[in-house]
Amino acid sequence: MKNPLRLIIRTLTLVAMCFLFLLMFEQAWAACEPKINAQCEGARLNRLDWRNANLAGGNFRNANLRHTNLAGADLKGADLRGANLQFARLERSDLTGANLEGADLRWANMERSTLAHARFVGAQMSKADLEDADISGALLGGADLTRADLINTDLQRADLQKARLDGAYLNYANLKAANLSGASARRARFIGVRLSGATWLDGKPCKTPSIGTCNQ
């Protein structure tokens, strides 16, 4: 016959462990609420509706934000390194100074968003919609922008060294003083694009004026 006292102790221990686990889970979930400095590293947040949320300074490193609605959200200075943002809605959002190195932004909608001085080094951005976005001063070295929509986008002083722009739509974009050295731009559209002061694919500067083509 089992010792009843020992059985009671085991039962109470199990109950305490379950309570502690639930408490830790609740605290972790609360830290990942849509708020300033949210702590959501590695969290599964796909398909949530966080429109117009204030997420400035938040940690979303390696988080799953696939199909998440972040339209109009404030993500200034947020850490989104390695995050999955495929098909995410980011139109009119503010990602000024955010870190998106290695993030997956394929098919994401970033139309009319503010991405000034953000880091997109090595990011996957093929077929992303960046029309009318402000990407001035951003770091896009090695980013894949294959067939991306960059029509009328502000890319002044952006670093696009070794980026892939094959088949991208850059019509009427502002690339003044941008660095495209070593970038690939096969079949890219440059109709009306402003290139004065930019560094062209071959590493040579574009003279002023340079519209639609790099005058060297």
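In region 114-131, which residues are closer than 11 Å to Leu75 by Cα and surrounded by 24 or more Cβ atoms within 10 Å (Cβ to Cβ)?
Quick first cut of region 114-131, residues closer than 11 Å to Leu75 by Cα only: 114-115, 118.
Of everything in region 114-131, those that are closer than 11 Å to Leu75 by Cα and surrounded by 24 or more Cβ atoms within 10 Å (Cβ to Cβ) turn out to be Leu115, Ala118.
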Unique residue being modelled with pLDDT of 95 or more, of a type in the set (Asp, Glu) and farther than 24 Å from Asp104 by Cβ when the list is Asp202, Asp144, Asp149: Asp202
Among (1) closer than 20 Å to Asn174 by Cβ; (2) out of contact with any Asp or Glu (no Cβ under 9 Å at 6 or more places or on another chain) - the single one Ala88 does not satisfy: (1)
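For region 28-52: of the residues being in a loop (DSSP other than H, G, I, E, B) and small (Gly, Ala, Ser), which is surrounded by the most Cβ atoms within 10 Å (Cβ to Cβ)? Give the derivation first.
Start the filter on region 28-52 by keeping residues that are in a loop (DSSP other than H, G, I, E, B), which leaves 32-38, 40-43, 45-48, 50-52.
Next cut, small (Gly, Ala, Ser) only: 38, 42-43.
On the way: Ala38: 24, Gly42: 13, Ala43: 21.
Across region 28-52, the extreme among qualifying residues is Ala38.
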Residues being of a type outside the set (A, V, I, L, M) and in a loop (DSSP other than H, G, I, E, B) - total across region 53-108: 24
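The values are calculated or read from the model by the stated rules, or taken from the named source; none is laboratory data. Just so we're clear, the structure is a prediction, and the values are computed from it rather than from any experiment. Methodologically, a virtual Cβ is constructed for each residue, glycine included, from the backbone with ideal geometry; neighbour enumeration extends over all protein chains shown.
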